[in-house]
Amino acid sequence: MSVATQHKLLPEVEAFLSQSPLASFVGGEHFPNARGNLIATIDPGSGEKIADIHDLDAAEIDRAVDIASEAFPAWSGMSQAERSSILLKLADAVEERKPIIAQIEALDAGKIESQAAGDVQNFADTLRYFVGLAGKIDKRTKLDVPGHEAWTVKQPWGACAFIFPWNFPFLLIGWGISPALAAGNTVVIKPAEDTSLSAIYLAQLAKEIGVPDGVINVVTGRGATAGAALTNNNKIKRMSFTGSPEVGQLVGEACGRNLVPVKLELGGKGAAVVFDDVDVKATAEALVGAITFHTGQVCCDATRWLIHNDVYDEFVGHCKELMEKVKIGHPLDPNSEMGPVVNPKQRERVLGYQEKGTAEGAECLCGGGTATVDGFEGNYVKPTLLGGSLDNVAAREEIFGPVAYVTAFNTEDEAIAMANDTDYGLANSVWTADSERANRVAEAMVAGNSWINAHNVFAHGVPYGGVNKSGVGGGVLSIETLMDYYRSTSVVRPSE
Ligand code: NAD
């Protein structure tokens, strides 16, 4: 049964999808692939095609970068107040269109519609946050250097490029481009080939509300061609990549060759360290909630659950009960608590790790395998809990699905060593009623982010980024991120 039959689409969503094949949007215009090469966009919840997008080639990507570069002088030359007022109008327009963008995102990325609405709101809030910060920055800093009159001045860089993954398509665009635009840069966005629709909608909306042509450009296409062309373009002044460590390395290499500054926000294999003084049931609820949120396709998820031996059995018992109750369904069904994974390849990856993990000796404590949702041929899998030793492949590598790996510890030092025994370093959490122990463990875990008695905590103003295999060169969501989008010139006049 078709999605449209089971779940009525908004007329605005129908109208947007009826533009299919949807072209990229560059310089304020539809920007198709000249040879008509297309990529099918599939609803992960039903397996049905919802639209086609254009698959741009390298020459077209280069043209888009030229157009973004040509738009830079006028955009950066505007007063901060004028630029801010345009961007705030965009934030308002995104918020007004929240139901439309959320439905597009739910259909395209397999995201539960209410969660997609949260992502859209987060985009608007992020844009407002960075516009507010940019308005307060003093662009000239006087330097107190004897014998010299000296200062530094901050300037935007030019055309900045952004390559995004498929798990939080719209929210991550907000996190990425907001500081760049607020600082006066122009942007070229390359969304993931599976989830490009909300980016195209954004570019069309930006045109409609008066963002100058060429300031926000969206180019669609495959990673190995369109993405690689963007990373190889030496007219890009800054590159930001969010995705897997494997592709991050390729992007870093290309930027290194061209001496383009690059931010890499990569994968994770976070730990949750649970001590024996917690409310065990409430902690199990929070962690099961986190691993099933967006079907576990969350880079900062806690996927290694390290549980104090004295509460291990009780914790696992609650988890099994909670995981079995999760309502799996189509993202547009208001009763669904967990949707599908993004595509059949990702489902095979998730199932493959379950198989490899159990073959290496992990015990499947709950779930495992595919799930069925009546009336839909989507990429559904069951929430799964594996248990065993941490040298297992399923405990070491990023799975990117609703699969957690649980093991027991006895002492604080042992727990910290287990949490840090990973190549990644994105986000961990510690759960305990002892606030001193919480602070100690939070600071001892090697990662960009440590959370206490919570997991997946984001607030504008708190920097979020990774270390080691999880990221290089920055982070998002804070004043430092805005500063990344200014270059600095020092100006010196020797005193007479
Ligand atoms: P991916 O690395 O396969 O793809 C990401 C993007 O890179 C896509 O747009 C893709 O088209 C493009 N790409 C692919 N090959 C390329 C190439 N050779 N050159 C340039 N671009 C290329 O990642 P994915 O599967 O889309 O996303 C999942 C990964 O993203 C996970 O590892 C996850 O942890 C990570 N992630 C990290 C964060 C963070 O903030 N640290 C946030 C979300 C996702």
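The values are calculated or read from the model by the stated rules, or taken from the named source; none is laboratory data. From a predicted model like this one, the values you see are computed outputs, not experimental measurements. Because the Cβ atoms are built from the backbone with ideal geometry, glycine has one as well, and the counts that use them run over all protein chains shown. Surface accessibility is based on the protein's heavy atoms, side chains included, excluding ligands, DNA and RNA. Shrake-Rupley method; radii C 1.70, N 1.55, O 1.52, S 1.80 Å.
Start at zero, step by 10 Å, and the Cα-Cα distances of region 318-406 spread as 18, 49, 28, 5 percent across the bins. Any idea what log10 I(q)/I(0) is at q = 0.11, 0.13, 0.14, 0.17 Å⁻¹ for region 398-496, Debye with uniform C-alpha scatterers and no solvent? For region 398-496 at q = 0.11, 0.13, 0.14, 0.17 Å⁻¹, log10 I(q)/I(0) is -0.45, -0.58, -0.65, -0.88.
When only Cα pairs under 8 Å and 6 or more residues apart are kept, what is the percent relative contact order across region 42-112? In percent, rounded to a whole number, it is 54. Here the label points at Ala59 and Asp374, each 7 Å from Cα along the C-beta direction, are separated by 5.5 nm in the simple model.
Taking the Kirkwood radius as Rh and the Cα radius of gyration as Rg, region 254-328 has a ratio of Rg/Rh equal to 1.20.
Each stretch of four or more DSSP H residues adds -39500 (n - 2.57); spread over every residue of the chain, this sum gives -12500 deg cm²/dmol at 222 nm.
Per-residue Karplus couplings for region 35-42, computed as 6.51 cos²θ - 1.76 cosθ + 1.60 with θ equal to phi - 60°, are listed in order as 8, x, 6, 10, 10, 6, 9, 10 Hz, Gly and Pro entered as x. Here the Debye sum runs over all C-alpha atoms of region 39-197 as equal scatterers in vacuum, and log10 of I(q)/I(0) at q = 0.14, 0.15, 0.21 Å⁻¹ comes out as -0.80, -0.89, -1.33.
The mean sequence distance of close C-alpha pairs (under 8 Å, at least 6 residues apart), as a share of the length of the chain, puts its relative contact order at 18 percent. Think of each Lys and Arg Cβ as +1 and each Asp and Glu Cβ as -1; about the Cα centre, that makes the dipole of the chain roughly 1580 debye.
Start at zero, step by 5 Å, and the Cα-Cα distances of region 91-134 spread as 5, 28, 27, 19, 12, 6, 3 percent across the bins. Taking the Cα centre of region 338-496 as origin, sum charge times position over the Cβ atoms of Lys and Arg (+1) and Asp and Glu (-1), and report the length of that vector in debye to the nearest 20. Here the size comes out at about 500 debye. On region 253-374, 47 percent of the accessible area sits on carbon and sulfur atoms, based on a 1.4 Å probe.
Each of Trp175, Met483, Val153 was placed along the dipole of the chain (beta-carbon charges, centred on the mean Cα), and the one lying farthest toward the positive end is Val153.
Enter the per residue convex hull volume of region 134-283, computed from alpha-carbon coordinates, in Å³ rounded to the nearest integer.
Residue-normalised Cα hull volume stands at 225 Å³.
On the principal axes of its alpha carbon atoms, the chain extends 73, 65, 38 Å, with the longest extent given first. Tell me, what is the per residue accessible area of region 268-330 in Å², probe radius 1.4 Å? Heavy-atom accessible area per residue stands at 32 Å².
If the viscosity is 1.002 mPa s and the temperature 20 °C, what translational diffusion coefficient in µm²/s does Stokes-Einstein give for region 359-405 when Rh comes from Kirkwood over Cα pairs?
On the way: Rh = 11.7 Å.
For these conditions, the coefficient is 184 µm²/s.
To the nearest ten degrees, helix 197-209 and the longest principal axis of the Cα atoms of the chain are 30 degrees apart. Two numbers describe the Cα atoms of region 307-463: Rg and Dmax, which are 16.9, 51 Å. Counting only protein heavy atoms and a 1.4 Å probe, region 105-234 has 28 square angstrom of accessible area per residue. Note: region 210-344, Cα convex hull, 192 Å³ per residue.
Please report the carbon-and-sulfur percent of the accessible area for region 21-144; probe 1.4 Å, protein heavy atoms only, DNA, RNA and ligands left out.
Solvent-exposed carbon and sulfur of region 21-144 make up 54 percent of the total.
Counted over region 356-496, the DSSP beta bridges are approximately 45% antiparallel.
Expressed to the nearest 5 percent, the antiparallel share of DSSP beta bridges inside the chain is 45 percent.
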